[in-house]
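Visitor: Okay, handing you the structure first.
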Amino acid sequence: MDHPTPKSVLIVDDSRVSRMLIKSLILARFPDWTLTEAVSGDEALALAATQTFDYCSMDINMPGLSGTEATEQLLKMQPTVRVSLFSANIQESQQVRAAQLGVRFVAKPVTQKSVALALAYFQGRD
């Protein structure tokens with residue numbers, strides 16, 4: 001049987017609860033994936049300078065660097081990373097920005113359904 005290679009995911013959110021939920025939902029489906037957490041865009045970029053990620057779930061509204069700014073810089077550092085931007089702010093401007101960056105916009109709250117959308121996008125099955 002063909003097992004896909006384990007992936008590495010960077011989970012960026014200033015909410016510990018959101019990070020824990022995303023982490024548990026991903027691990028429930030992909031227990032061998034490596035998950036790394038960051039509480040801010042700045043921390044995410046520091047991690048991305050030292051390790052490569054396949055996927056990234058990025059909150060938009062965080063203190064300091066916004067998720068969209070962090071994503072823009074992350075994509076310059078790691079052009080192949082697939083990013084899902086999570087936000088409770090579902091204004092069209094946020095969705096347009098995500099499209100401009102070439103990433104998937106996922107509306108919060110973090111639920112099994114929203115994480116499933118992100119996972120489908122990560123794996124190229126939107």
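The values are calculated or read from the model by the stated rules, or taken from the named source; none is laboratory data. Note that the coordinates shown come from a computational prediction; the quantities given were computed from them, not determined experimentally. Here the Cβ is made from the backbone with ideal geometry for all residues, glycine too, and neighbour counts use every protein chain on show.
Visitor: Does S84 fit the bill of being closer than 25 Å to T5 by Cα, touching a residue at least 12 places away in the same chain (Cβ under 8 Å) and touching a Cys at 6+ places or on another chain (Cβ under 8 Å)?
Guide: Working: closer than 25 Å to T5 by Cα: yes; touching a residue at least 12 places away in the same chain (Cβ under 8 Å): yes; touching a Cys at 6+ places or on another chain (Cβ under 8 Å): yes.
So S84 fits the description; yes.
Visitor: Within segment 89-96, is even one residue touching a residue at least 12 places away in the same chain (Cβ under 8 Å), under 21 Å from Q123 (Cβ atoms) and in contact with a helix residue (DSSP H, G or I) (Cβ under 9 Å, 6 or more places away or on another chain)?
Guide: No: zero hits.
Visitor: Take N89 and tell me if it is touching a strand residue (DSSP E or B) at 6+ places or on another chain (Cβ under 8 Å) and closer than 16 Å to S15 by Cα.
Guide: no
Visitor: Continuing with this model, one more query. Condition first: over 10 Å from the mean Cα position of the chain (by Cα) and farther than 15 Å from A88 by Cβ. Now tell me which residues in segment 101-112 satisfy that.
Guide: Passing the criteria: L101, G102, Q112.
Visitor: Note down all Cβ pairs under 6 Å where the first residue falls in segment 98-126 and is among the small types (G, A, S), the second is surrounded by fewer than 14 Cβ atoms within 10 Å (Cβ to Cβ), and they're at least six residues apart or on different chains.
Guide: Close Cβ pairs (under 6 Å, with a partner that is surrounded by fewer than 14 Cβ atoms within 10 Å (Cβ to Cβ)) amount to A107/I90; A120/D126.
Visitor: I need the strands (runs of 3 or more DSSP E) fully contained in segment 20-126, keeping only those with at least 1 residues that are of a type in the set (S, T, N, Q) and surrounded by fewer than 18 Cβ atoms within 10 Å (Cβ to Cβ).
Guide: Those strands (runs of 3 or more DSSP E) span 34-38.
Visitor: Test Q73 against the stated conditions and say whether it is in contact with a Leu (Cβ under 6 Å, 6 or more places away or on another chain), of a type in the set (S, T, N, Q), within 18 Å of R104 (Cα to Cα) and modelled with pLDDT of 95 or more.
Guide: Judged against the criteria, Q73 is a match.
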